[in-house]
Amino acid sequence: MIEIIRLIKTLHGGGHKVEILKSLDLTIPSGQFVAITGHSGSGKTTLLSLIAGLDTPTSGTIKIDEQDITKLNEDELALLRGKRFGFIFQNFHLIPTLTAVENVVLSAELNNTPGATKKSEDLLGMVGLGDRMLHYPAQLSGGEQQRLSLARAFINEPDIILADEPTGNLDSKNSDRIIKLIRELHRVKQATIVLVTHETQVANQSQRILTLEDGQLIADRKNIE
């Protein structure tokens with residue numbers, strides 16, 4: 001479970017104070033697929049970064065299964081991210097000098113995941129890259145690179161997947177394919193998924209849609225099951 005209590009994020013610059021998040025309260029049950037929507041500047045990506053422990057709140061509490069991650073040091077946060085989180089980025093962040101299977105295997109080996117090669121090959125097959133495993137990222141299309149990043153995110157069977165605009169750089173056909181794969185991986189792996197998107201059709205594939213505006217939660221509705 002992810003529990004957020006009175007979360008505030010404030011930035012200071014040029015003599016001005018900008019409130020990015022304003023005393024946000026939120027609970028996400030284990031295994032739920034949640035989409036966070038809102039206009040640019042609403043605080044979506046900041047919230048995702050705070051949940052991941054990549055940013056520090058001004059005040060408030062973020063608990064992952066009752067553990068307050070705001071009290072952890074950087075080494076403890078890095079260990080938490082490696083063991084509990086998987087990440088999907090808009091710009092893929094693949095290692096260009098490694099093949100598709102090596103990109104996934106590396107993530108597994110860094111976390112001492114047993115059977116790294118076999119698991120990586122199986123996941124690449126699941127996302128439709130079974131015949132592209134020895135290709136480098138530059139030899140893959142944008143949609144294929146994002147499918148590769150899905151395999152990398154799920155290889156360690158994390159409890160939580162954090163996805164920041166995972167379809168933002170894709171055309172509509174590849175966007176549809178990626179969100180269907182995320183739904184299928186969610187069904188199979190039962191991870192909690194928190195996905196930031198500005199695309200309505202992507203958000204509508206989640207189980208729950210949260211809408212932020214000016215750093216505040218203005219809507220919270222259940223969607224498909």
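We did not get these values from a lab; they are worked out from the coordinates using the rules stated. The shown structure was predicted, so the numbers you read here are calculated from the model rather than taken from an experiment. Note: ideal-geometry Cβ built from the backbone for every residue, glycine included; neighbour counts use all protein chains shown.
Some observations on this one:
- Reducing the range 205-225 and the range 109-123 to their Cα centroids gives an inter-centroid distance of 34 Å.
- Cα centroid of the range 177-195 to Cα centroid of the range 21-70, whole Å: 19
- Take the Cα of ASN73, step 7 Å toward its Cβ, do the same at LEU54, and the gap between the two points is 2.4 nm.
- Positive minus negative residues near VAL202 (Lys, Arg vs Asp, Glu; Cβ under 10 Å): -3
- ILE2, ILE161 arranged by Cβ crowding within 10 Å, fewest neighbours leading: ILE2, ILE161
- Antiparallel DSSP beta bridges within the chain, as percent of all bridges there, nearest 5: 55
- For the chain, diffusion coefficient by Stokes-Einstein and Kirkwood Rh (Cα), 4 °C, 1.567 mPa s, µm²/s: 72
- In a simple Cβ point-charge model (Lys, Arg +1; Asp, Glu -1; nothing else charged), the range 159-225 has a dipole of about 400 debye relative to its Cα centre.
- Rel. contact order, % - alpha carbon contacts under 8 angstrom, at least six apart, the chain: 28
- If the convex hull is drawn through the Cα atoms of the range 68-120, its volume per residue in Å³: 105
- Expressed as a whole percent, the proportion of Cα-Cα pairs in the range 51-141 lying more than 18 Å apart is 55%.
- Counting only Cβ charges, +1 for Lys and Arg and -1 for Asp and Glu, the dipole size of the chain around its Cα centre is about 280 debye.
- For the range 5-94, the fraction of alpha-carbon pairs in successive 5 Å shells from zero, as %: 3, 11, 21, 24, 21, 13, 5, 1, 0
- The calculated 222 nm mean residue ellipticity attributable to helices in the chain amounts to -10000 deg cm²/dmol, summing -39500 (n - 2.57) over DSSP H runs of n ≥ 4 and dividing by all residues.
- Estimated D of the range 157-197 in µm² per second, where Rh is the Kirkwood radius over Cα pairs and Stokes-Einstein applies at 37 °C, 0.692 mPa s: 310
- What the pair-distance distribution of the range 83-187 shows, using all Cα-Cα distances binned every 5 Å from zero, is 2, 14, 27, 27, 21, 7, 1, 0 percent.
- Spatial extent of the range 136-225: Rg and Dmax, with the Cα atoms as the point set, Å: 13.7, 43
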